[in-house]
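Take a look at the structure below.
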Amino acid sequence: MQPLPDPATSLRALEEALGAHAAAYALDWIGDCDSSNTELTNRPLPSDDRLHVLVADRQHAGRGRRGRRWQSWDGGSLTFSLQWRLPAGGTAPAGLSLVVGLAVARALEDCGVTGVQLKWPNDVLVHGRKLAGILIELVAVQGRPAAAVIGIGLNLHLPDDAHIPDQPAVTDLFIELGGRAPDRVAVLGAILGQLRALLDTYAMAGFGALQGAWEQRNAFANLPVSISGESGSIHGTCIGVGDDGALCLRTAEGVRRIVSGDVSLRPDTGGPT
Ligand code: BTN
């Protein structure tokens with residue numbers, strides 16, 4: 001693995017990659033932190049409409065969904081967060097996590113990756129293996145959600161001996177590009193470009209405007225799944241997502257809408273779904 005350039009050099013390369021669009025972002029690139037999500041959450045809320053982005057070369061305590069750890073490797077992972085002011089303010093943004101997953105998926109496709117899939121609510125898979133994870137946390141002002149901190153971790157090139165607990169099937173961009181070293185700045189620039197475009201669409205038209213694009217990449221479309229949540233498991237066939245981002249399952253008791261939980265594919269036993 002090549003040694004990483006210093007953060008200021010990486011930042012300049014990112015500004016160059018974004019070209020005229022760089023003005024739409026407030027960009028910061030640091031060497032290390034505990035977690036870029038934690039770091040951004042502790043910063044003041046943006047006073048302008050730019051996307052405030054923090055890239056960290058190294059995280060000492062990267063966080064995943066549901067209290068899990070997120071592991072990353074120097075130069076082998078891309079870890080960054082952005083702060084996005086919620087459009088109307090005051091309500092939890094339905095479907096936001098799906099929009100972010102879709103933006104990452106589209107950016108990867110633009111970079112030449114084929115077979116990108118989305119696992120509800122927002123894992124990014126390639127042929128069933130996890131390539132990127134997303135952690136969204138809301139920042140409240142006077143008790144109301146005012147901004148979202150959107151953290152993205154993407155495997156660029158994992159060490160051969162990488163062992164990731166809780167993630168049995170993982171992949172990285174090096175593999176998915178057929179053994180070509182990914183250009184991390186180009187990948188980051190592509191993701192930021194898609195995020196800006198899709199967050200604008202989402203702010204104006206809601207998740208419904210992007211629902212079809214998400215469904216096209218649904219890793220579990222028409223497959224039997226089980227959802228594990230705090231109150232147990234639900235089994236059914238995945239029939240898609242609603243225009244509010246809820247996962248829709250056909251179950252023995254009828255259609256159920258799921259708003260939170262973990263999805264796992266379960267073998268089809270031939271029983272009722
Ligand atoms: C998951 O799949 O569990 C979500 C992983 C999110 C990881 C990213 S890396 C950048 C940001 N900072 C963190 O501590 N977590 C997110």
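Every read-out reported here was derived from the displayed coordinates using simple, explicitly stated rules and does not represent laboratory data. Predicted, not measured: the structure shown is a model, and the values here were computed from it. Here the Cβ is made from the backbone with ideal geometry for all residues, glycine too, and neighbour counts use every protein chain on show.
Below are the figures for this structure:
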item: Net length gained if the chain between R12 and A146 were fully extended (0.36 nm per residue, minus Cα distance); result: 45.2 nm
item: The chain - mean residue ellipticity at 222 nm from DSSP helices (-39,500 (n - 2.57) per run, n ≥ 4, rounded to 500); result: -7000 deg cm²/dmol
item: FRET efficiency, 1/(1 + (r/R0)^6) with R0 41 Å, evaluated for R68 and R43 via beta carbons; result: 0.95
item: Cβ-based exposure ranking for F174, F207, in which fewest neighbours within 10 Å come first; result: F174, F207
item: Extension gain (nm, one decimal) between M204 and A24, 0.36 nm per residue minus Cα-Cα; result: 63.1 nm
item: Two-site FRET efficiency, S233 against D34, from Cβ-Cβ distance with R₀ of 45 Å, rounded to 0.05; result: 0.85
item: Most fluctuating residue given options P224, P168, P159, as computed from a GNM of the chain linking Cα atoms under 10 Å; result: P168
item: Mean Kyte hydropathy of -1.0 or more with a Cα span along the axis of at least 20 Å, helices from DSSP in the chain; result: 96-110, 184-205
item: Distance in nm between pseudo-label sites at N222 and F174 (7 Å out along the Cβ direction from Cα); result: 3.7
item: Peptides 247-258, 120-131 ordered by average Cβ neighbours within 10 Å, highest first; result: 120-131, 247-258
item: Fully extended contour minus Cα-Cα distance, from H60 to E253, at 0.36 nm per residue; result: 65.0 nm
item: Relative contact order (%) - the stretch 224-267, alpha-carbon pairs under 8 angstrom, separation at least six; result: 41
item: Net charge of neighbours whose Cβ lies under 12 Å from the Cβ of H157, counting Lys and Arg as +1 and Asp and Glu as -1; result: -3
